[in-house]
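Here the structure is laid out as structure tokens; the discussion comes afterwards.
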Amino acid sequence: MSIAHTPNFNSLSPDEQVRVLTQLGLGWAPLPGTDQWWVHPDRLGHVDAGPKKGRETECVAALASIALANPDDESTRRLIALGRDAGGVRTPEFHAALVEWVRERLVRALPIPDSLHREWSPKL
């Protein structure tokens, strides 16, 4: 299999980056020049995430910014609604939805706001 030469990996869209990394047969890789990771969906194991302590409002604002930039992003809009509900970002419902949201963003090589802690482990 041959992969076309890409002069600047960072200039590719996230979908194209994922395509190239998948073609390379990698299970996971850091994205150059960022603190982001890409993880092949079959190789993604345990994921945990949550707002960093004291940064809950910043977390919801970052989610709102992502939703504004991507109007079709239903999972982000759902997270915002859960974060603004009575229990806010500390409810089990928000946590479960956030973990799935982080999982999706790792697989799609999309940025995750700095106001969120996220931990993941690969399936070996």
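The values are calculated or read from the model by the stated rules, or taken from the named source; none is laboratory data. All values derive from a computational prediction rather than experimental measurement. As a convention, Cβ positions derive from the backbone with ideal geometry for all residues, glycine included, and neighbour counts pool all protein chains shown. Only protein heavy atoms, including side chains, enter the accessible area calculation; ligands, DNA and RNA are left aside. Shrake-Rupley method; radii C 1.70, N 1.55, O 1.52, S 1.80 Å.
Could you list, in sequence order, all residues of region 92-114 that are touching a helix residue (DSSP H, G or I) at 6+ places or on another chain (Cβ under 7 Å) and of a type in the set (V, I, T)?
Those that are touching a helix residue (DSSP H, G or I) at 6+ places or on another chain (Cβ under 7 Å) and of a type in the set (V, I, T): V107, I112.
Please determine whether any residue of region 38-56 is under 26 Å from S121 (Cα atoms), in contact with a Cys (Cβ under 7 Å, 6 or more places away or on another chain) and of a type outside the set (K, R). Don't jump to the end; show me each part of the working.
Kept after step one, since they are under 26 Å from S121 (Cα atoms), are these residues of region 38-56: 38-56.
Checking the rest, the ones that are also in contact with a Cys (Cβ under 7 Å, 6 or more places away or on another chain) come to 51.
Adding the requirement that they be of a type outside the set (K, R) leaves 51.
Within region 38-56, one or more residues are under 26 Å from S121 (Cα atoms), in contact with a Cys (Cβ under 7 Å, 6 or more places away or on another chain) and of a type outside the set (K, R).
Suppose we keep only residues that are in contact with a strand residue (DSSP E or B) (Cβ under 9 Å, 6 or more places away or on another chain) and among the acidic types (D, E) within region 42-81. Which one would you say is farthest from H95 (Cα to Cα)?
The qualifying residue farthest from H95 (Cα to Cα) is E58.
Tally up the residues in region 77-91 that are modelled with pLDDT of 90 or more and closer than 12 Å to L116 by Cβ, please.
Qualifying residue count for the region: 1.
Kindly list, by first and then second residue, each pair from a residue in region 105-124 that is at positive phi to a residue that is surrounded by 14 or more Cβ atoms within 10 Å (Cβ to Cβ) and not in a loop (DSSP other than H, G, I, E, B), limited to pairs with Cβ atoms under 7 Å and residues at least 6 apart or on different chains.
Listed by first residue and then by second, the contacts come to A109/P14; A109/Q17; A109/V18; A109/W38.
Of the residues that make up region 103-113, is at least one among the small types (G, A, S), closer than 24 Å to H40 by Cα and either surrounded by 14 or more Cβ atoms within 10 Å (Cβ to Cβ) or modelled with pLDDT under 90 (or both)?
Within region 103-113, the subset among the small types (G, A, S) is 109.
Next cut, closer than 24 Å to H40 by Cα only: 109.
Right, trim to either surrounded by 14 or more Cβ atoms within 10 Å (Cβ to Cβ) or modelled with pLDDT under 90 (or both) and you get 109.
Yes, that holds for at least one residue.
Restricting to region 17-43, name every residue that is modelled with pLDDT of 85 or more and of a type in the set (D, E, K, R).
Within region 17-43, D42, R43 meet the criteria.
Against the definition (under 17 Å from L116 (Cα atoms), open to solvent by 90 Å² or more (accessible area, probe 1.4 Å) and modelled with pLDDT of 85 or more), how does H46 come out, yes or no? Before the answer, list the steps.
Numbers: under 17 Å from L116 (Cα atoms): yes; open to solvent by 90 Å² or more (accessible area, probe 1.4 Å): yes; modelled with pLDDT of 85 or more: yes.
Criteria met by H46.
Pairs, please: C-beta under 6 Å, at least 6 apart or cross-chain, first residue more than 13 Å from V102 (Cα to Cα) and in region 62-82, second acidic (D, E)?
Once the first residue is more than 13 Å from V102 (Cα to Cα) and sits in region 62-82, its partners that are acidic (D, E) give A67/D73; L82/E93.
Got a number for residues in region 12-30 being closer than 18 Å to S121 by Cβ, within 15 Å of the chain's Cα centre (by Cα) and surrounded by 14 or more Cβ atoms within 10 Å (Cβ to Cβ)? Write out each step before concluding.
Here is the first cut: in region 12-30, the residues closer than 18 Å to S121 by Cβ are 26-30.
Checking the rest, the ones that are also within 15 Å of the chain's Cα centre (by Cα) come to 28-30.
Filter again for surrounded by 14 or more Cβ atoms within 10 Å (Cβ to Cβ), leaving 28-29.
Counting residues in region 12-30 that are closer than 18 Å to S121 by Cβ, within 15 Å of the chain's Cα centre (by Cα) and surrounded by 14 or more Cβ atoms within 10 Å (Cβ to Cβ) gives 2.
So, in region 81-96, exactly how many residues are surrounded by fewer than 17 Cβ atoms within 10 Å (Cβ to Cβ) and of a type outside the set (D, E, K, R)?
Within region 81-96, the subset surrounded by fewer than 17 Cβ atoms within 10 Å (Cβ to Cβ) is 81, 84-88, 90-93, 95-96.
So of that shortlist, the ones also of a type outside the set (D, E, K, R) come out as 81, 86-88, 91-92, 95-96.
Matching residues across region 81-96 total 8.
Considering T57, T34, which residue is in contact (Cβ under 8 Å) with a residue 60 or more places away in the chain and open to solvent by 30 Å² or more (accessible area, probe 1.4 Å)?
Working: T57 fails: in contact (Cβ under 8 Å) with a residue 60 or more places away in the chain.
Going through T57, T34 in turn, just one is in contact (Cβ under 8 Å) with a residue 60 or more places away in the chain and open to solvent by 30 Å² or more (accessible area, probe 1.4 Å): T34.
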